[in-house]
1. Over the range 5-156, what is the mean sequence separation of C-alpha contacts under 8 Å (at least six apart), divided by residue count, expressed as relative contact order in percent?
2. Rounded if a/c is under 1.5, else prolate if a/b beats b/c, else oblate: with a ≥ b ≥ c from the C-alpha gyration tensor eigenvalues square-rooted, which is the range 16-135?
3. Could you check the simple spin-label distance between residue 92 and residue 108, using points 7 Å along Cα→Cβ, in nm with one decimal?
4. In terms of the Cα gyration tensor, with a ≥ b ≥ c the square roots of its eigenvalues, is the range 105-157 rounded because a/c is under 1.5, prolate because a/b exceeds b/c, or oblate?
5. Under 17 Å from the Cα of residue 8, which aspartates and glutamates turn up, not counting those fewer than eight places away in the same chain?
6. Report, in debye and to the nearest 20, how large the dipole of the range 5-156 comes out about its Cα centre when Lys and Arg carry +1 and Asp and Glu carry -1 on their Cβ.
7. Given a Förster distance of 25 Å, report the FRET efficiency between residue 85 and residue 120 from their Cβ-Cβ distance, rounded to the nearest 0.05.
8. Suppose R0 equals 25 Å; then what is the FRET efficiency for residue 136 and residue 101 from their Cβ-Cβ distance, rounded to the nearest 0.05?
Amino acid sequence: MNTDFIIKALDLELFIPLMSLDDRALAAAGAKWVCVDSKPGFPCRVSLVEAQVGERVMLVNFVHLDTSSPYRSSGPIFVREQATTINLSVNEIPEVLHSRLLSLRGYSSSHDMIEAVTAQGGQLKLAMHNMFANPDVGYVQIHNANPGCFSCAAYRA
């Protein structure tokens, strides 16, 4: 069985409507701008890189598992103001995942969680291949394990 995968970042287009809002309208939408004061700590879900100190990032709640299953889920994410959507190669691991403890959640085509493991970023590639060795795993969501927030998703290549 092919266990190759491709990690997908969130598309910047999802956040463009929020980028031009003033602070009041942004707050009404459940989001706000934050000035980055440490690195690491503000991983962008669009560019899949750490934001630099002094950079502005949007903190917004994002529905990362938009399904009618019991696993429907959302949580806070960061999007860099100057982000561009990254496109990764097959089996490529983005820099932002290398040094983190990650929670991998494997879902079936009916959006039921059927696999779950944690892995250090350096072991992510092996862990991903192991998850996709299960033919019932249709996609994997990758979360930062300590804060629990969504990072990105991986699909069969």
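1. Values: 321 pairs, mean separation 36.5, N = 152.
Relative contact order comes out at 24 percent.
2. On the way: a/c = 2.42, a/b = 1.44, b/c = 1.69.
It is oblate, given that a/c is not under 1.5 and a/b is not larger than b/c.
3. The two pseudo-label positions are separated by 3.3 nm.
4. Details: a/c = 1.93, a/b = 1.30, b/c = 1.48.
In terms of gyration-tensor shape, oblate.
5. Straight-distance partners of residue 8: 50, 66, 92, 95.
6. Working: 12 positive and 14 negative charges, 33 e Å.
That gives the range 5-156 a dipole magnitude of about 160 debye.
7. On the way: r = 26 Å, r/R0 = 1.05.
Working from the Cβ atoms, E equals 0.45.
8. Numbers: r = 25 Å, r/R0 = 1.02.
Given R0 = 25 Å and the Cβ-Cβ separation, E is 0.50.
Just so you know, all these numbers are worked out from the coordinates, no wet-lab data involved. These numbers were taken from a predicted model, which means no experiment stands behind them. Positions of Cβ are backbone-derived with ideal geometry, glycine not excepted, and every protein chain shown enters the neighbour counts.
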